[in-house]
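Below you'll find the structure, written out as structure tokens, and then a few comments.
Please treat every number below as a calculation from the coordinates, not as lab data. Computed from a predicted model, the values in this text were never measured in an experiment. Reconstructed Cβ throughout: ideal geometry from the backbone, glycine too, with neighbour counts over all protein chains shown.
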Amino acid sequence: METRKEHWEKLYSTKQPNEVSWTQELPKTSLDFVHSFNLPKTSNIIDIGGGDSKLVDYLLDEGFQNISVLDISEKAIERAKKRLSYRAMKVNWIVSDVTEFHPPTTYDCWHDRATFHFLTSADDINTYLTTARQAVKGFMTIATFSDKGPKKCSMLDVHQYTEKELQQQLQNGFEKLKCVTEDHKTPFNTTQNFLFCSFKRSELHH
């Protein structure tokens, strides 16, 4: 049985951006959500499962100075670094499975368009949420496949979410701000329906 890490390393060593479904030239919805938080340029931002996504390019263009990108795949991060060339030095790159991630700091903005819906076991989901509660002091944007989205991605099972279900998962520690659904056009001209929600850090209920 290949591990999660092996799966993604293999995928990023064999496929180009135009051969994977999640590629976006312009991550518009993600940027809209980040902009909605009115963050100062010195804010600590982390992109969870950022892979070789271009969100980091746009955030650098806008002058954000403290960006971290976490991905399980070293290959994906190598590709992003290569693309960014000398600008890659301005980014904090973290190779880690999110369920094994011990945040070295707290974040004003946690963005995840790629990871949460791959966590299908209760243990992994709880680990992720515990980490997020420790690490996020400002806002969170999370995107998952909606209940109209695919049931699998990259040959792995995913968990589809409704707005209500995503809100329930995050209710202890996060207050929902807004949700939108978006049809993402893949490079193969298929459509995947995503649910994007933003949350604000709130008190924990014990």
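Express in nm, to one decimal, how much length is gained between Arg87 and Thr120 on full extension, taking 0.36 nm for each residue of separation and deducting their alpha carbon distance.
Difference between extended and current length: 8.4 nm.
Report the far tail of the P(r) of the chain, meaning the percent of Cα-Cα pairs longer than 31 Å.
Cα-Cα pairs of the chain separated by over 31 Å account for 11 percent.
Give, as ranges by residue number, the residues of region 134-168 whose backbone N falls under 16 Å from the point 7 Å along Cα→Cβ of Lys5.
none
Give me the dipole magnitude in Debye, nearest 20, for region 25-201 about the Cα centre, with unit charges on the beta carbon: positive for Lys and Arg, negative for Asp and Glu.
340 debye
Among the lysines, which fall within straight-line cross-link reach of Lys41, defined as a Cα-Cα distance under 17 Å, with same-chain neighbours fewer than 8 residues apart omitted?
Lys90, Lys137
Which FRET efficiency, nearest 0.05, do Thr106 and Phe188 yield, Cβ-Cβ r, R0 45 Å?
Result of the calculation: an efficiency of 0.70.
Straight-line reach from Lys164: which aspartates and glutamates fall under 17 Å, measuring Cα to Cα and dropping same-chain residues less than 8 apart?
Lys164 reaches Asp147, Glu175, Glu182.
Compute the length gained on full extension between Asp57 and Thr181: take 0.36 nm times their separation in residues and subtract their Cα-Cα distance, giving the result in nm to one decimal.
42.3 nm
For the chain, set up a GNM with springs between Cα atoms under 10 Å and report which of Ser30, Ser121, Ser21 has the largest fluctuation.
The residue that fluctuates most here is Ser121.
Before rounding to the nearest 500, sum -39500 (n - 2.57) across all DSSP H runs of length at least 4 in the chain and divide by the residue total; then give [θ] at 222 nm in deg cm²/dmol.
Roughly -8500 deg cm²/dmol at 222 nm, from the helical runs in the chain.
List the residues, sorted by chain then number, that are 5 or more residues from Tyr107 or on another chain and whose placed amide H is less than 5 Å from its amide H.
Val136, Lys137, Gly138
Give the peptides 38-50, 106-118, 75-87 in descending order of average Cβ contacts within 10 Å, highest first.
Highest to lowest by the protection proxy: 106-118, 38-50, 75-87.
Under a GNM of the chain (C-alpha, springs under 10 Å), which listed residue has the highest mean-square fluctuation: Val20, Val34, Val136?
Most flexible of the set in this elastic network: Val20.
Pairs Lys54/Lys185; Lys15/Lys148; Lys15/Lys82; Lys15/Lys54; Lys28/Lys81; Lys10/Lys54: which exceed 24 Å Cα-Cα?
Those over the limit are Lys15/Lys148.
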